[in-house]
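Student: Pasting a structure here, questions to come.
The numbers here are math on the coordinates, done by the rules we state, and not lab data. Keep in mind the model is a prediction, meaning the values are calculated, not measured. Cβ atoms come from the backbone with ideal geometry, glycine included; neighbour counts cover every protein chain shown.
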Amino acid sequence: MKKFIAVIVACLTCSGIYAQRAYEGANLGDNWSIGIHAGVTTPLTHSAFFPNMRATWGLGIGKQLTPFFGMGVEAMTSINTTASKTAFDNTNVSLLTSVNLSNLFAGYWGTPRLFEIETVAGLGWLHYAQNGNGDRNSISSKLGLNFNFNLGEAKAWTIGIKPALVYDLNACGERNVGFNANRAAWEITAGLKYHFRCSNGKHHISFAKLYDQAEVDALNEQVNNLRQTNVDQEAELTAANQRNAELEQQLADCKNQGPVIVTDTITSHKKTLESVVTFRQGGVSVVASQTPNVERIATYLKNHEKATVSIKGYASPEGKAEVNARIAQQRADAVKSLLVKRYKIAENRITAEGQGVGNMFEEPDWNRVSICTIHEN
């Protein structure tokens, strides 16, 4: 009795240790299986083993509740070898429980072993077919072992060898219900079982990956970083769309703008080279159509190393004076920046000043310009 209690305590201890792990694929619809097996059955006592042997076969449906415990329903029938009104001697429908001893004592690590041993026990309804009026019914009990071979990389198939003892507990209605060797039979079968796919994508229970607090914090930080990146990218996209709209407006302005103005002004002493760069209304960037006027100045400066240039920016009369003053300075700076960055002209050879509202031309719109004047030193 003490040994039996010690075994029970050991089983509960082992199952408790592994129960602390979180399982995947252990939902109600997971870990169902279906199998078929066949073999022989023969009386346990008072009969010759082989001469009284007869064929038996059956079907089973099961569910693995945990890596250690399972339940199932099994229907078995024995082929009749004596005179009877049916081809079957008896049928036995049982509700069975199973304990995976390999996992219980050696541990389960997320994948079934190639070879495992299970104990099987349960109760059933035993029905005898016989000649004459009425059949006989009884309560049965099944005790056995399953020697399982789990096949394939996914462990979806199991071949099992299943020796068991089947007891007729109340001998077709007798009152003395109990385990009696005179009312028992050997049952030795072999079968094939298929395990259906579970919600974890596998054909068996697996362990869920558990995260500690540091890992959770790191994942939260990654999520927050991704959210911020998404916000930044949306802002960049908005800016890009705005820039695209500005470029489209500049293109439309280029198509409708006045003539390119390039003048040579004769001073009282010598000929002075000037180049005029026009801008769209409110614009402070040099559009593509005006770059030849800037390039003209750059070419001259490269060919005359002692020459310098002064750039004066102007605005048309619309708007407030302080806004026009700022725009005029930005237009002068835009031409200077293009000379420095694109054409590599030294900054000390360039001066850029805003002149506010211009009145050089009769058409107000033509006064949105930067005038570049070459100085020979």
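Student: Pop the C-beta distance of residue 226 and residue 197 into the FRET formula with R0 = 30 Å and round what comes out to the nearest 0.05.
Tutor: The calculated FRET efficiency here is 0.40.
Student: Within the chain, what's the longest stretch lacking chymotrypsin sites (Phe, Trp or Tyr not before Pro) that sit in DSSP loops with no more than 14 other Cβ atoms inside 10 Å?
Tutor: Values: sites that count: 49, 109, 179, 196, 211.
It runs 212-377.
Student: Please give the helix 2-19 orientation as an angle from the longest Cα principal axis of the chain, in degrees from 0 to 90, rounded to the nearest 10.
Tutor: 20 degrees
Student: DSSP loop (so not H, G, I, E, B), at most 13 other Cβ within 10 Å: list which GluC sites (Glu not before Pro) in the stretch 92-173 pass both filters.
Tutor: Sparse-neighbourhood loop GluC sites (Glu not before Pro): 153.
Student: Also: Quick one: check the C-alpha center-to-center distance for the stretch 21-80 versus the stretch 191-208, whole angstrom.
Tutor: Cα centres, the stretch 21-80 to the stretch 191-208: 18 Å.
Student: Hey, what did the chain get for relative contact order, percent, Cα under 8 Å, at least 6 apart? Please report the intermediate quantities before stating the final value.
Tutor: On the way: 780 pairs, mean separation 46.9, N = 377.
The value is 12 percent.
Student: Something else about it: Across the chain, where is the longest run that never hits trypsin sites (Lys or Arg not before Pro) in a DSSP loop with at most 11 other C-beta atoms within 10 Å? Provide the component values of the computation, followed by the final result.
Tutor: Values: sites that count: 85, 175, 209, 270, 306, 320, 344.
It runs 86-174.
Student: State the dimensionless ratio Rg/Rh of the chain (Rg: radius of gyration of Cα atoms; Rh: Kirkwood radius). Write out the running numbers ahead of the final one.
Tutor: Details: Rg = 47.6 Å, Rh = 29.8 Å.
A ratio of 1.60.
Student: Let me ask something else. Can you tell me the orientation of helix 213-256 relative to the chain, as the angle in degrees between its alpha-carbon axis and the longest Cα principal axis, to the nearest 10?
Tutor: Roughly 40 degrees between the two axes.
Student: Another question, if that's okay. Could you please tell me the mean projected area of the C-alpha convex hull for the stretch 14-207, averaged over all directions and given in square nanometres to one decimal? Before the final figure, lay out each step's value.
Tutor: Working: hull surface 48.8 nm².
Averaged projected area of the stretch 14-207's Cα convex hull equals 12.2 nm².
Student: Rounded to the nearest 500, what is the chain's calculated 222 nm mean residue ellipticity when only DSSP H runs of at least 4 contribute -39500 (n - 2.57) each, over all residues?
Tutor: Calculated mean residue ellipticity at 222 nm is -9500 deg cm²/dmol.
Student: Could you go through the stretch 338-350 in sequence order and give the Karplus-derived ³J(HN,Hα) for each residue, using 6.51 cos²θ - 1.76 cosθ + 1.60 with θ = phi - 60°, rounded to whole Hz, and x for Gly and Pro?
Tutor: 5, 5, 6, 7, 8, 9, 6, 8, 4, 5, 6, 9, 10
Student: Follow-up question, since we're still on this one. Each label point is 7 Å from the Cα along the Cα-to-Cβ direction; what then is the distance between the points at residue 121 and residue 274, in nm?
Tutor: So the two model labels end up 11.1 nm from each other.
Student: If you take the beta carbon distance between residue 182 and residue 155 as r and set R0 to 41 Å, what does 1/(1 + (r/R0)^6) give as a FRET efficiency, to the nearest 0.05?
Tutor: Working: r = 41 Å, r/R0 = 1.00.
Calculated value: 0.50.
Student: Still on this structure: Restricting to the chain, compute how many DSSP beta bridges are antiparallel as a %, nearest 5.
Tutor: Of those bridges, close to 95 percent are antiparallel.
Student: Identify the GluC sites (Glu not before Pro) of the stretch 331-377 meeting these criteria: DSSP loop state and at most 13 other C-beta atoms within 10 Å of the C-beta.
Tutor: On the way: sites: 347, 353, 362, 376; in loops: 362, 376.
Of the GluC sites (Glu not before Pro), the ones in loops of the stretch 331-377 whose Cβ has at most 13 other Cβ atoms within 10 Å are 362, 376.
Student: Also: Hey, what angle do you get for helix 291-303 against the long axis of the chain, alpha-carbon based, 0 to 90 degrees rounded to 10?
Tutor: 70 degrees
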